[in-house]
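Participant: Below is a structure I'd like to ask you about.
The values are calculated or read from the model by the stated rules, or taken from the named source; none is laboratory data. All of these numbers come straight from a predicted model, not from anything done at the bench. Note that we place each Cβ from the backbone using ideal geometry, even for glycine, and neighbour counts take in every protein chain shown.
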Amino acid sequence: MSASLTMSTDTAANPLDMMEQIVAANEWAFDRRSDSEMAAEAPGHWCDYGLFFNWSHEISVLHFTCAFDLKVPEKQRGQLYELLALANEKLWLGHFGLEDGDGKPVFRHAILLRGAAGASAESLEDLVDIALTECERFFPAFQFVLWGGKSPADALAAAMLDCVGEA
């Protein structure tokens, strides 16, 4: 960064206030733990997803995590890391990872809001919608690796199969 830039002290409004309204409108269970933290649970087709929002007022960043209700045994984490790398190549926004402690797969994304008045309701809705869509899309690949005995590449190929028409 150039030293000639003027540092702005403007910080965005807390996006968790709006996110709380969005989560409540969807009738999802949630817990606003503090001004900087909120947790919610969203139903999905394959499982329920844990949504975690962290707001840093100091750097005007909203960090978002969408956790699968799926634990990965220690012995299979190597294969899952390979699957995560392959899946991440297919994403436009965010990335998949594994939580250190319990090995849950998670989708993560952060929004920088410095200099903005705040996040729009539409951008926050998109954040959650994209995360849930990607988690639903890739969930079968996780299952194929963990319980189906498929290689990460085969699991991803099977999960990405686009069906045409209806049965």
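Participant: Where the second residue is surrounded by 16 or more Cβ atoms within 10 Å (Cβ to Cβ) and among the aromatic types (Phe, Trp, Tyr) and the first is without any contact (Cβ under 8 Å) to a residue 12 or more places away in the chain and lies in segment 77-98, which pairs have Cβ atoms under 7 Å and are six or more apart or on separate chains?
Facilitator: Note: pairs meeting the criteria are Asn88/Phe96.
Participant: Mind listing just one residue for me: the one in segment 112-155 that is of a type in the set (Val, Ile, Thr) and surrounded by 19 or more Cβ atoms within 10 Å (Cβ to Cβ) and, of those, modelled with the highest pLDDT? Spell out the reasoning first.
Facilitator: At the first step, the residues of segment 112-155 found to be of a type in the set (Val, Ile, Thr) are 128, 130, 133, 145.
Going one step further and asking which of them are surrounded by 19 or more Cβ atoms within 10 Å (Cβ to Cβ), we end up with 128, 145.
Values: Val128: 96, Val145: 92.
Within segment 112-155, the match that is modelled with the highest pLDDT is Val128.
Participant: Select from segment 99-119 the residues that are in contact (Cβ under 8 Å) with a residue 12 or more places away in the chain and either outside any loop (DSSP other than H, G, I, E, B) or over 17 Å from His63 (Cβ atoms) (or both) and list them in ascending order.
Facilitator: First, the residues of segment 99-119 that are in contact (Cβ under 8 Å) with a residue 12 or more places away in the chain: 99, 102-119.
Selection gives Asp102, Gly103, Pro105, Val106, Phe107, Arg108, His109, Ala110, Ile111, Leu112, Gly115, Ala117.
Participant: Name the pairs: first residue in segment 133-160 and closer than 22 Å to Leu51 by Cβ, second residue in a loop (DSSP other than H, G, I, E, B), Cβ to Cβ under 6 Å, at least 6 apart or on different chains?
Facilitator: What qualifies is Glu136/Gly44; Glu136/His45; Phe139/Trp46.
Participant: Is at least one residue of segment 74-95 among the aromatic types (Phe, Trp, Tyr), under 26 Å from Met160 (Cα atoms), under 16 Å from the mean Cα position of the chain (by Cα) and surrounded by 15 or more Cβ atoms within 10 Å (Cβ to Cβ)?
Facilitator: Narrowing segment 74-95 to residues among the aromatic types (Phe, Trp, Tyr): 81, 92.
If we keep only those that are under 26 Å from Met160 (Cα atoms) as well, we get 81, 92.
Among the residues that remain, those that are also under 16 Å from the mean Cα position of the chain (by Cα) are: 92.
Then drop every residue that is not surrounded by 15 or more Cβ atoms within 10 Å (Cβ to Cβ), which leaves none.
Scanning segment 74-95, I find no residue that is among the aromatic types (Phe, Trp, Tyr), under 26 Å from Met160 (Cα atoms), under 16 Å from the mean Cα position of the chain (by Cα) and surrounded by 15 or more Cβ atoms within 10 Å (Cβ to Cβ), so the answer is no.
Participant: So Ile59 ticks every box in (1) farther than 17 Å from Pro152 by Cα; (2) not in a loop (DSSP other than H, G, I, E, B) but one. Which box is left unticked?
Facilitator: Status for Ile59: all satisfied but (2).
Participant: Take segment 120-132 and flag every residue that is in contact (Cβ under 8 Å) with a residue 40 or more places away in the chain and either among the aliphatic types (A, V, I, L, M) or touching a Gly at 6+ places or on another chain (Cβ under 6 Å) (or both).
Facilitator: Hits for segment 120-132 are Ala121, Leu124, Leu127, Val128, Ala131, Leu132.
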